[in-house]
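Heads up, the thing below is written out as structure tokens.
The values are calculated or read from the model by the stated rules, or taken from the named source; none is laboratory data. Predicted model only: the values in this text are computed from it and were never measured. Cβ sites come from the backbone with ideal geometry, for glycine too, and all protein chains shown count toward neighbours. Remember, those area values only see protein heavy atoms, side chains included, never the ligands or the DNA or RNA. Shrake-Rupley method; radii C 1.70, N 1.55, O 1.52, S 1.80 Å.
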Amino acid sequence: MKTLLEGGQIVTAEGIRESGILFEDGIIIAVGKHPASHQVDQVIHCDNFFVAPGLKDVHVHLREPGFAYKETIRTGTMAAARGGYTTVCSMPNLDPVPSCRDALEKQLAIIRRDAVIRVIPYGAITKDGRGRAPLADMEGLSPDVAAFSDDGRGVQSEALMRAAMEKARALGKIIVAHCEDERYPTQDPQSEYLQVRRDLALAKETGCRYHVCHVSTAASVEAVRAAKREGVDVTCETAPHYLLLCDEDTADEGRFKMNPPLRTARDKEALLAGLLDGTIDMIATDHAPHSLPEKAGGFRDSLFGIVGLETAFPMLHTHLVRGGVLTLSQLIEKMSLAPARRFDLPGKDLAAGEPADLILIDPAAKGVIRPEEFESMGRSTPFAGEAYTGRSVMTICAGRVVHQG
């Protein structure tokens, strides 16, 4: 069926322009003025909306297999679709951990059965994802994973991380690192930036493609900036909560507890500066749902992790785009195009031949973040009760409407 998105304005990294998009069988046929000779089966009128490439999140926890009481692939991908995401990369802290082929196949089977958008899993760096020797079966996992990560733990041994990078380079894959030196408490910024510095030196030595998860400190931003100047093949991400909040905003509630923690106002400003100058390449949510009892113990006794798939775009649009920090095109670059290029995901551009992975954005839509309305089973967000302006109102993945608000 040929579908035409007519009217509205197309958003890409280059800017905004008026145009139309024609797609068939999940693939974009044409971008531009609709030729009168084309017969279409369906027209979606996009007046007053922006049309943008579907968002991509390279850092989500879908919790299945192993922890379906927190989230399932079905509920997590429905949340992603509601938030405007068409592709997510799922982290490997599961049961079983995808550190061997058999374990990965269990996860892939659930994805094929239940996912409403694209899900590309990570493989673990180490056996069972514990951050310690031996390495996972990286060669066996490689054909079906986005990259390798032990997210939730830092690889503690320099020699083991070097071996992992050498293996990843041989396989043409990226090492995606949760940097946390366990010699320091999580609240200590050194626990993050010292391991970032170590890994950057190893990436320079091995030539491995390297990506830093959830950067939260000014020192980490500066380390990545310096490494890029030296030609190290490194990218990094931060998350909406680190860009919009700091430690002064926390309360004694589980919804403010995440790892890494919210840092100082100075760190937040450094992250914003890094986003603007290109040091921080992309924004990921680190969507990490838990059950209500697991987040009900106050700040001290709750588990680490918050949800973010349904709050990321409206909060960032409200505070960064409407706040004059970024243009909408720059936000789409950080949330869609940059992650697609780095991780070789579908939808690197809005052009003929690309998958019809699209979102319609209503920049004037107003609302309040209400966790009880989430598609996600997780309800814990520091943005609960916050007002927003602008959200995704339709998500199309591979030519199928997977969410319409």
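Assorted remarks:
- Which numbered condition R169 fails, given (1) open to solvent by less than 40 Å² (accessible area, probe 1.4 Å); (2) closer than 19 Å to A147 by Cα; (3) not in a strand (DSSP E or B): (1)
- The combined condition, being assigned to a loop (DSSP other than H, G, I, E, B) and either of a type in the set (D, E) or under 16 Å from the mean Cα position of the chain (by Cα) (or both), is fulfilled by E310.
- Some residue of region 200-214 being at pLDDT 95 or above, buried (at least 18 other Cβ atoms within 10 Å of the Cβ), under 25 Å from G323 (Cβ atoms) and not polar (S, T, N, Q): yes
- Close Cβ contacts (under 7 Å, 6 or more residues apart or on different chains) running from residues in region 233-246 that are over 12 Å from E269 (Cβ atoms) to residues that are in a strand (DSSP E or B) and of a type in the set (D, E) are absent.
- Any hit, region 116-123, residues being of a type in the set (F, W, Y) and open to solvent by 10 Å² or more (accessible area, probe 1.4 Å): no
Results for (1) touching a Lys or Arg at 6+ places or on another chain (Cβ under 7 Å); (2) buried (at least 21 other Cβ atoms within 10 Å of the Cβ); (3) at pLDDT below 95, shown as yes or no for each residue.
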residue	(1), (2), (3)
K228	no, no, no
G231	no, no, no
T238	no, yes, no
C246	yes, no, no
D252	no, no, no
R266	no, no, no
E269	no, no, no
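- Some residue of region 355-375 being buried (at least 21 other Cβ atoms within 10 Å of the Cβ), closer than 26 Å to P143 by Cα and not acidic (D, E): yes
- Options D233, D286: the member that is acidic (D, E), out of contact with any Ser or Thr (no Cβ under 9 Å at 6 or more places or on another chain) and more than 30 Å from G66 (Cβ to Cβ): D233
- Hits in region 331-388 (condition: of a type in the set (G, A, S) and either touching a helix residue (DSSP H, G or I) at 6+ places or on another chain (Cβ under 6 Å) or assigned to a strand (DSSP E or B) (or both)): G347, A364, A365, G367, S376, S380, A384, A387
- Count of region 271-306 residues which are within 25 Å of K366 (Cα to Cα), among the hydrophobic types (A, V, I, L, M, F, W, C) and open to solvent by 10 Å² or more (accessible area, probe 1.4 Å): 1
- Check on A312, open to solvent by less than 50 Å² (accessible area, probe 1.4 Å) and under 19 Å from E192 (Cβ atoms): no
- The listed residue being in a helix (DSSP H, G or I), under 21 Å from the mean Cα position of the chain (by Cα) and hydrophobic (A, V, I, L, M, F, W, C), out of I120, I111: I111
- Qualifying helices (runs of 4 or more DSSP H) (wholly inside region 180-263; at least 2 residues being farther than 24 Å from S90 by Cβ): 190-206, 218-229
- Condition check for D151: in contact (Cβ under 8 Å) with a residue 40 or more places away in the chain and open to solvent by less than 30 Å² (accessible area, probe 1.4 Å): yes
Yes or no, residue by residue, for (1) among the basic types (K, R); (2) open to solvent by 10 Å² or more (accessible area, probe 1.4 Å); (3) modelled with pLDDT of 90 or more:
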| position | (1), (2), (3) |
| --- | --- |
| K2 | yes, yes, yes |
| E6 | no, yes, yes |
| S19 | no, yes, no |
| L22 | no, no, yes |
| P35 | no, yes, no |
| F50 | no, yes, yes |
| F67 | no, yes, yes |
| G76 | no, no, yes |
| R82 | yes, yes, yes |
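- Condition met for Y184 (surrounded by 17 or more Cβ atoms within 10 Å (Cβ to Cβ) and of a type in the set (F, W, Y)): no
- Meeting the requirement of 2 or more residues that are in contact (Cβ under 8 Å) with a residue 24 or more places away in the chain, more than 24 Å from V321 (Cβ to Cβ) and over 22 Å from the mean Cα position of the chain (by Cα), the strands (runs of 3 or more DSSP E) wholly within region 23-96 are 27-32, 42-45.
- Given (1) assigned to a helix (DSSP H, G or I); (2) out of contact with any Asp or Glu (no Cβ under 8 Å at 6 or more places or on another chain), number of the condition H290 does not satisfy: (1)
- Among the residues of region 131-158, those that are in a loop (DSSP other than H, G, I, E, B) and either more than 17 Å from L94 (Cα to Cα) or among the aliphatic types (A, V, I, L, M) (or both) comprise A133, P134, A136, V145, A146, A147, V155, Q156, S157.
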